[in-house]
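Working notes for the structure below.
The values are calculated or read from the model by the stated rules, or taken from the named source; none is laboratory data. Since the model is a prediction, treat every value here as computed from it, not as a measurement. Positions of Cβ are generated from backbone atoms using ideal geometry, with glycine treated the same way; all protein chains shown enter the neighbour counts. These accessible areas exclude ligands, DNA and RNA; they are computed on the full protein's heavy atoms, side chains included. Shrake-Rupley method; radii C 1.70, N 1.55, O 1.52, S 1.80 Å.
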Amino acid sequence: MTGCDDPVYRVYAERERRRDENARILIRQLTEDGISYRVRAAEALGTCGGDVVVPHLIRAAEDDPEPDVRFMAIRSLGKRRDPLAAEPLIRMLAIGDKWIRMEAVKALGDIGHPSAALSLMNLCDDTAVPVRRAVAEALGKIECEACMSALEMMTNDEDSGVRSAARRALSSHRHDDNPQEK
């Protein structure tokens, strides 16, 4: 029996074909007029399709006029954990909308790329508490000594949620460095 004759092979081949077709449909929906279509497409592309969807999510995150679409595209980039998204996400840290900034911080933490460390550390004293909390969580996911120093500083933040997030990140890092403590 050749691969094409094997029923299991055919099922997997059909599944791959449908996955690719669904990704193409969702990519087209990122440019629809309706906001809800674009938001749902951006959300679904966080787990659907291969690497081909990342540039489309980046474009939606950078260029869509609707903040909800941008927010969801950024979240999906974090879910995909593709290092290609790190630089565009770093640029988004300068955006005035605190929710977009916060989601970009979270996505960078999920990606965990060391190139984001300095940009994230620059937000340790952001005026928006949700951004600072996200920074503490994100820095805890990046392997770098300077991140640990920044987290130590954040344990003195004026907001208790930020302090707690920084302590959790430090604790998690210490346990990762010393498996015997687990």
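Measuring with a 1.4 Å probe in the full set of protein chains, what accessible area per residue, in whole Å², belongs to the range 47-155? Present the calculation step by step, with values, prior to reporting the outcome.
Details: 4740 Å² over 109 residues.
Counting only protein heavy atoms, the per-residue value for the range 47-155 is 43 Å².
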Residues other than Asp97 with Cβ under 10 Å of its Cβ, Lys/Arg counted +1 and Asp/Glu -1, net out at +2
Carbon and sulfur %, accessible surface of the chain computed with the full protein complex present, 1.4 Å = 50 percent
Relative to the Cα centre, what is the charge dipole magnitude of the chain, using +1 at the beta carbon of each Lys and Arg, -1 at the beta carbon of each Asp and Glu, and rounding to the nearest 20 debye?
-> 340 debye
Using per-residue counts of other Cβ atoms within 10 Å, averaged over each peptide, order 6-15, 42-51 from highest down.
-> 42-51, 6-15
Give me the log10 of I(q) over I(0) for the chain at q = 0.11 Å⁻¹, as the Debye formula computes it from C-alpha points; what are the numbers?
-> -0.55
Report the extension gain between Asp63 and Tyr9 in nm, rounded to one decimal, defined as 0.36 nm multiplied by the number of residues separating them, less their alpha carbon distance.
-> 15.4 nm
Report the one residue of Val11, Ile35, Val131 whose Cα lies farthest in the direction of the positive end of the charge dipole of the chain (charges on C-beta: Lys and Arg +1, Asp and Glu -1; origin at the Cα centre).
-> Val11
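Roughly speaking, what is the stretch gain from Glu143 to Thr31, that is 0.36 nm per residue apart minus the C-alpha to C-alpha distance, in nm to one decimal? Show your work: numbers first, answer last.
Numbers: separation 112, 0.36 × 112 = 40.32 nm, distance 3.67 nm.
So the extension gain works out to 36.6 nm.
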Where nothing but the Cβ of Lys and Arg (+1) and of Asp and Glu (-1) is charged, how large is the charge dipole of the range 73-138 around its Cα centre, in debye to the nearest 20?
-> 180 debye
